[in-house]
Amino acid sequence: MNDFVVVRGGGDLATGTIYKLKRCGFSVLVLETANPAAIRRTVAFSEAVFQGHQTVEGITCYLAESLEQAEEFLREGKLAMLVDPMGESIAQLKPLAVVDAILAKKNLGTTRDMAPITVGLGPGFTAGCDVDAVIETKRGHRLGMVLRSGCAAANTGVPGLIGGYGRERVIYCPAEGILRNMKKIADTVSRGDVIAVVETEEGTVPVEATLDGVVRGLIRDGYPVTKGFKIADIDPRIEERENCFTISDKARCVAGGVLEAILQRKGELGL
């Protein structure tokens, strides 16, 4: 199957790659966990795990209940998703390429023998060793660059600047418990507004907005969270509320790198 790609992970950054590959004519199967933790849920195909399907910018991803159903969806030309966090189905599927877009900052089991072409997004991979190519995911001049040797830049733990704000725009969970959302994605908030509460054994702990802006991302209501877990993202650019419903510039740039890596390696192999 010279146009079949398996993408491990369906979060918002991965969704940019999945969308690009599908739009360019590739047949794509997304592998996800049973309980994905996407924050930018409106633009993450991983939401199909909970809803049965998810549409992003006009492309719908359908959750398959079995490998057989996933193959049926692919034959019908649909974008398909399968709960298979370990990638156990890859050996049977025999894709042209495997893209690890989990963004775990480490390799969770992707190897070069999984497919003729293997690509890893961000830190945790070594091009020419565990994957054929690595795509730079750190914002800056090298974002989206295809690396055929070596590794992507190490994770700094500091969010990229949006509207002049970096660390301030990302909200981390203050306690362990169950998240209950008080706001939804695309809501306008002021600093100090309660956007969610965490239900703990001792009671509820409020989660407050860290600045004025728009709720750009928020983990699903009812999700089990731990202290320090990233749960929300606020965009200070209130006038750009529509960005909550579109793939980010970063995701599109990384997607271009993935497409380049696959096509370049495909040509080298004569496939």
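Relative to the current alpha-carbon distance between residue 68 and residue 50, full extension at 0.36 nm per residue lengthens the span by 4.5 nm. Equivalent ellipsoid of region 167-236: semi-axes from √(5λ) of the C-alpha gyration tensor, largest first, are 19, 11, 10 Å.
Since only 190, 109, 147 are under comparison, the one whose Cα sits farthest along the positive direction of the charge dipole of the chain, derived from C-beta charges on Lys, Arg, Asp and Glu, is 147. Our compactness index for region 89-218, the C-alpha radius of gyration over the empirical 2.2 N^0.38 Å, is 1.38. Per the helix-only calculation at 222 nm, which mean residue ellipticity applies to the chain, given -39500 (n - 2.57) for every DSSP H run of n ≥ 4 and division by its residues, nearest 500 deg cm²/dmol? Result for the chain, helices only: -5500 deg cm²/dmol. In order along region 226-241, the Karplus-derived 3J(HN,Hα) couplings, from 6.51 cos²θ - 1.76 cosθ + 1.60 at θ = phi - 60°, round to 10, 4, x, 6, 5, 10, 7, 8, 10, 9, x, 8, 4, 6, 10, 4 Hz, and Gly and Pro are given as x. Label sites at residue 204 and residue 252, each approximated as a point 7 angstrom past Cα along Cα to Cβ, lie 3.9 nm apart. The simple spin-label model puts a point 7 Å past each Cα toward its Cβ; for residue 182 and residue 3 those points are separated by 5.1 nm.
Residues whose amide H falls under 5 Å from that of residue 100, counting only those 5 or more places apart or on a different chain, are 8, 119, 120, 121, with hydrogens built in the peptide plane. When each of the peptides 182-195, 15-28, 215-228 is scored by how many other beta carbons lie within 10 Å of its residues on average, the order from highest to lowest is 15-28, 215-228, 182-195. Which whole-number percent is the relative contact order of region 167-236 (Cα, under 8 Å, 6+ apart)? Answer for region 167-236 is 43 percent.
Within region 128-148, list the residues whose amide N lies under 19 Å from a label point set 7 Å along Cα→Cβ of residue 24. Only 128, 131-138, 142-148 fall inside the zone, counting backbone N under 19 Å.
Packing, as the average of other Cβ atoms within 10 Å across residues, places the peptides 2-13, 198-209 in the order 2-13, 198-209, highest first. Counted residue by residue at 0.36 nm each, then reduced by the alpha carbon distance between them, the extension gain from residue 271 to residue 91 reaches 62.9 nm.
Of all DSSP bridge pairs formed entirely within the chain, close to 55 percent run antiparallel.
Note: relative contact order over the chain, using C-alpha pairs below 8 Å and six or more positions apart, is 19 percent. Eigen-decomposition of the gyration tensor built on the alpha-carbon atoms of the chain gives equivalent ellipsoid semi-axes of 32, 21, 17 angstrom, largest listed first.
Readers should treat all values here as calculations from the given coordinates under stated rules, not as data from a laboratory. Bear in mind the structure is a predicted one, so any value in this text is a computation, not a measurement. Methodologically, a virtual Cβ is constructed for each residue, glycine included, from the backbone with ideal geometry; neighbour enumeration extends over all protein chains shown.
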